[in-house]
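The values are calculated or read from the model by the stated rules, or taken from the named source; none is laboratory data. Quick caveat: nothing in here was measured; it's all calculated off a predicted structure. Methodologically, a virtual Cβ is constructed for each residue, glycine included, from the backbone with ideal geometry; neighbour enumeration extends over all protein chains shown. Ligands, DNA and RNA are stripped out before the accessible areas are found, and what is left, the full protein with its side chains, is counted by its heavy atoms. Shrake-Rupley method; radii C 1.70, N 1.55, O 1.52, S 1.80 Å.
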Amino acid sequence: MKKILLLGSGELGKELTISLKRIGCNVIACDAYENAPAMQVSDKNEVFNMLDKEKLNGIINKHKPDFIVPEVEAIETSVLIDAEKNGYNVIPSAKAVNLTMNRDRIRDRAKHLGLKTANFAYAETEEELILEANKIGKKVAVKPVMSSSGKGQSYANSEDELKVSWKFALEGMRGNRKRVIVEEFIDFDYEITLLTILEKSGKVSFCNPIGHFQKRGDYQYSWQPADCSQDVISKAQEAAKNMVLDLGGSGIFGVEFFIDKKGEVIFSELSPRPHDTGMVTMFTQNFSQFDIHARVLLGMPLPEIKINQPGASHVILAEENASGDYIIEGIEEALEDKNVDYRIFGKPFLKSYRRMGVVLAPSLDQAKRAAKKIFVKAK
Ligand SMILES: Nc1ncnc2c1ncn2[C@@H]1O[C@H](COP(=O)(O)OP(=O)(O)O)[C@@H](O)[C@H]1O
Ligand SMILES: [Mg+2]
């Protein structure tokens with residue numbers, strides 16, 4: 001039985017754990033808080049701060065896993081580089097995990113590989129942010145280099161707005177690196193995630209593109225297949241292939257692109273793991289992104305991936321200032337549509353806008369209608 005050390009135990013980790021358990025793996029789920037979603041379905045749990053070098057090292061040495069599988073960015077990745085040197089398998093690779101821990105490293109890599117991106121720069125002070133934004137010369141997006149799910153992210157169009165953005169970024173950043181990426185705001189036509197599969201042999205393949213809509217920098221709904229032209233698909237596939245081959249290893253990657261009104265494909269970011277917008281694949285594909293990641297990381301042959309039916313996912317969110325215990329109401333009403341499915345993540349408590357579950361349906365309209373009927377209420 002292969003032993004998996006899962007670093008991060010959110011909803012994506014939970015579904016990955018279920019996929020791994022189905023094919024006979026032993027999973028140790030780690031996170032900073034107790035009873036995290038993946039811990040509810042794993043064999044063992046470890047609660048500790050994964051940004052703590054010594055603790056992370058200690059856990060790896062304690063369990064001696066066959067595979068170390070990160071589910072979040074907030075991990076002390078230098079430990080994973082050393083672990084890989086010492087013979088551990090880091091998924092997809094220590095390089096991929098290290099370069100995607102912060103936005104700047106992966107963006108610099110994309111630029112180095114010649115991918116089309118929004119114009120961007122970095123800033124470490126408010127003055128520098130204003131200077132760099134003026135060079136870009138139009139509306140900009142400002143994001144801490146270390147953050148996810150829209151935390152600390154905002155848009156700015158003037159010096160006053162930039163000052164607000166700087167403050168907001170410092171409040172929303174993870175870790176202690178006061179650095180933001182400031183990038184040209186792309187008035188895109190739509191955006192996609194291209195789930196890209198890299199096998200150990202170096203073979204690269206793709207799922208059908210997933211369209212998605214974001215609010216506050218966080219995913220609200222997604223659908224698959226996205227309505228892309230063949231030209232857009234080809235350009236995105238080529239860029240994604242370049243990126244994943246450079247990062248190396250084996251696993252599934254979520255590669256995000258903006259598609260502008262002229263059909264240009266602009267690389268945005270990449271996660272070396274299943275992607276939140278890819279939850280729709282639990283409904284649409286014969287093998288979900290989690291099944292694929294599980295098989296590919298183990299080095300098993302990749303089955304033929306097909307879309308069984310088109311579909312959409314819609315998040316079930318906590319309210320803005322929510323905290324503490326909760327109940328979820330309205331699921332029976334949502335299921336009056338006989339074609340709707342859902343997942344509740346089982347997070348132990350509420351936080352502002354926290355993602356608590358997801359609705360899955362054959363169309364975006366149905367997913368939206370069903371999600372509207374579901375309420376997360378503080379107890
Ligand atoms: N330069 C930009 N122009 C327009 N929209 C952007 C830009 N950067 C980010 N966004 C919007 O914010 C979302 C989240 O940004 P992203 O860089 O993917 O951060 P995260 O790592 O939090 O997902 C994107 O999916 C997109 O909708
Ligand atoms: Mg993103």
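Find all pairs meeting these conditions: Cβ atoms under 6 angstrom apart; at least six residues apart or on different chains; first residue within the range 207-229 and in contact (Cβ under 8 Å) with a residue 24 or more places away in the chain; second residue within 16 Å of ligand 1 (Cβ to nearest atom) and open to solvent by 60 Å² or more (accessible area, probe 1.4 Å).
Filtered contacts from the range 207-229: 220/213; 221/213.
Scanning for something over 16 Å from residue 206 (Cβ atoms), hydrophobic (A, V, I, L, M, F, W, C), under 22 Å from the mean Cα position of the chain (by Cα) and within 16 Å of ligand 1 (Cβ to nearest atom), does the range 290-311 turn up at least one residue?
Looking through the range 290-311, none of the residues is over 16 Å from residue 206 (Cβ atoms), hydrophobic (A, V, I, L, M, F, W, C), under 22 Å from the mean Cα position of the chain (by Cα) and within 16 Å of ligand 1 (Cβ to nearest atom).
I'm trying to understand the selection: among the residues of the range 324-363, which are among the hydrophobic types (A, V, I, L, M, F, W, C) and not in a loop (DSSP other than H, G, I, E, B)? Full working, then the answer.
Looking only at the range 324-363, we keep the residues that are among the hydrophobic types (A, V, I, L, M, F, W, C), and these are 327-328, 331, 334-335, 340, 344-345, 349-350, 356, 358-361.
Within the range 324-363, 327, 328, 331, 334, 344, 350, 356, 358, 359, 360, 361 meet the criteria.
Tell me the strands (runs of 3 or more DSSP E) entirely within the range 1-66 that contain at least 1 residues that are surrounded by 18 or more Cβ atoms within 10 Å (Cβ to Cβ) and of a type in the set (Gly, Ala, Ser).
Working: elements: 3-7, 26-31, 44-47.
Filter on the range 1-66 gives 26-31.
Would you list the strands (runs of 3 or more DSSP E) that sit entirely within the range 116-226 and hold 3 or more residues that are open to solvent by less than 10 Å² (accessible area, probe 1.4 Å) and more than 10 Å from ligand 1 (Cβ to nearest atom)? Even if it seems obvious, please write down each step before you answer.
Numbers: elements: 120-123, 140-144, 154-156, 180-184, 190-198, 204-206, 210-215, 218-224.
It comes to 190-198.
Give the residue, chosen from 211, 150, 202, that is under 20 Å from the mean Cα position of the chain (by Cα) and within 30 Å of residue 50 (Cα to Cα).
150
Can you pull out the residues in the range 25-40 that are farther than 7 Å from residue 9 by Cβ and of a type outside the set (Phe, Trp, Tyr)?
Passing the criteria: 25, 26, 27, 28, 32, 34, 35, 40.
What is the residue count in the range 88-102 for residues that are open to solvent by 40 Å² or more (accessible area, probe 1.4 Å) and assigned to a helix (DSSP H, G or I)?
1
Can you go through 283, 258, 267 and tell me which one is in contact (Cβ under 8 Å) with a residue 24 or more places away in the chain, open to solvent by 10 Å² or more (accessible area, probe 1.4 Å), assigned to a strand (DSSP E or B) and under 15 Å from residue 211 (Cα atoms)?
Details: 283 fails: assigned to a strand (DSSP E or B); 267 fails: open to solvent by 10 Å² or more (accessible area, probe 1.4 Å).
One residue alone meets the criteria, 258.
Return the residues of the range 227-255 that are within 16 Å of ligand 2 (Cβ to nearest atom), open to solvent by less than 10 Å² (accessible area, probe 1.4 Å) and in a helix (DSSP H, G or I); say none if nothing qualifies.
Residues satisfying the conditions are 236, 240, 243.
Considering the range 324-335 alone, what residues qualify as being surrounded by 10 or more Cβ atoms within 10 Å (Cβ to Cβ) and either modelled with pLDDT under 95 or of a type in the set (A, V, I, L, M) (or both)?
328, 331, 334, 335
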